[in-house]
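Notes follow the structure.
Any read-out appearing in this document is the output of simple, stated calculations on the displayed coordinates, not a laboratory observation. Predicted model only: the values in this text are computed from it and were never measured. For neighbour counting, all protein chains shown are included, and Cβ atoms are generated from backbone atoms with ideal geometry for every residue, glycine included.
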Amino acid sequence: MTDDQTLLMVGVGRMGRPYVDAARRLGVRVHAVEAAERAALVEPLVDGVTLVEGGADEAWARAAWAAAAGERPAGVVAFSEVHVLAAALLQDALALPGPSLHAATLSRNKALQRGRFAAVGVPQPDFAVVDDPARLRDWARPRLPVVLKSLSSAGSAGVELMATVDDLDDALARRAGEGRFVVEDRLEGPELSWEAVVVDGAVVVENVTAKDTTGAPHFVETAHRTGIVLDPPTAGQVGALARGVLDGLGMVTGLVHLELCLTRSGPAVIEVAVRTPGDFIMDLLGLTYGTDWFELVVRAALGRPLPPVPVAPAAYAASWFATPEGRVIAVDGVEAVGAQPHVVEVEITCRPGDVVGPVRSSGDRSGHVVVCAPTPQERDAALALVRDTLVIRTEQA
């Protein structure tokens with residue numbers, strides 16, 4: 001049974017389906033704005049679909065406006081990065097709850113983030129925004145190693161460490177047609193993320209996630225562990241950084257995913273987004289706190305009250321990602337891992353004979369495992385067992 005309210009989902013795909021499930025539990029109709037190639041996945045789940053022609057922000061915005069013209073939604077939720085601006089424009093035009101058009105614009109552009117945070121004094125690396133290779137070389141050479149980033153991307157796409165002048169010249173040659181870049185000093189230290197649901201500028205629930213990456217040059221994420229409890233001084237610093245980021249964004253209502261580095265001089269911003277974090281982090285948060293964060297976001301978007309949310313972890317969860325490279329010879333240990341008591345989900349997407357290219361972004365990974373355990377120690381032991389048991393053997397392709 002649904003009431004007369006409709007939630008407009010800008011982007012659903014596969015990993016956004018829990019938003020649809022949450023809306024159904026709340027008795028709300030769902031209309032999706034979705035790319036044509038995903039329509040078959042989404043149409044059976046929702047009450048209507050407006051298709052997008054093309055993948056640009058402008059195309060998503062046009063489709064979102066068209067969908068809202070047919071039936072005014074009671075709330076709008078953006079799923080992934082390319083959906084953020086379209087959703088925010090609609091939220092702004094219809095005076096619906098949302099991050100704010102200012103926050104969404106910064107979320108979509110790393111250069112705008114850097115400029116804004118520099119103006120308000122949020123700790124971050126020194127940076128330059130460049131579209132001239134000569135200027136980029138002049139800025140970067142005395143600072144090597146530096147990190148080159150695309151302005152509007154997610155999942156580590158377009159992120160590249162340049163340690164030497166040769167690396168710099170090679171990157172510029174390969175990416176000559178890309179246009180503007182952000183180039184910045186490399187941050188050294190453990191990487192974390194901070195997730196929060198914000199309502200009317202106030203943090204309702206927050207979490208710290210630890211992550212592992214492939215390291216240089218692309219820093220693709222390979223594992224996440226939620227419910228991290230920091231020592232009081234570090235927790236205070238991270239909290240202050242997060243509040244500074246929220247103020248700088250002009251964040252009003254919605255979901256925030258802040259990536260940061262614990263440097264020797266304190267935490268510093270890597271980047272921030274006002275949309276669903278990837279890598280099953282929302283699922284991990286649900287397991288960790290016993291509360292469906294997808295439903296929290298839907299409630300916030302509809303202007304409905306949020307239920308009491310536990311502030312301390314009830315369990316400890318993690319996701320791990322397979323990153324083989326080469327021609328796959330064998331995939332061993334999938335069944336053994338799936339039989340472990342703390343393993344929630346296993347999915348490996350490569351098969352013997354497949355050729356797996358270098359891992360340059362999260363889209364290049366070859367499957368995942370989700371674990372959840374009563375204690376951090378048991379979670380970490382389960383994660384170690386996964387890494388040791390699930391082995392994808394490859395040869396040079």
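Here are the numbers:
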read-out: Built amide H within the under 5 Å cut-off of V356, gap 5+; value: G326, R327, V328
read-out: Dipole in debye (nearest 20) - the chain, about Cα centre, beta carbon charges: Lys, Arg +1; Asp, Glu -1; value: 440 debye
read-out: Rounded Å value of the spacing that divides the Cα centres of region 226-298 and region 330-366; value: 27 Å
read-out: Cα-derived Rg to Rh of region 188-314, Kirkwood definition; value: 0.95
read-out: Under 5 Å, built H, 5+ apart or other chain: amide partners of V204; value: V197, V198, V199
read-out: Computed label-point distance, nm, for sites R143 and D380 using a 7 Å Cα→Cβ extension; value: 3.5 nm
read-out: Radius of gyration, Dmax [region 73-124; alpha carbons; angstrom]; value: 12.3, 38
read-out: Two-site label geometry, L94 and V311: point separation in nm, points 7 Å out along Cα→Cβ; value: 3.4 nm
read-out: Three-way shape label, the chain, alpha-carbon gyration tensor, a/c 1.5; value: rounded
read-out: Separation in nanometres of the label points that stand 7 Å from Cα toward Cβ, at A336 and L41; value: 3.1 nm
read-out: Hz values of 3J(HN,Hα) by residue in region 324-335 - Karplus curve (6.51, -1.76, 1.60), Gly and Pro given as x; value: x, 9, x, 8, 6, 8, 7, 10, 10, x, 4, 5
read-out: Segments 53-63, 286-296 sorted - mean Cβ within 10 Å per residue, highest first; value: 286-296, 53-63
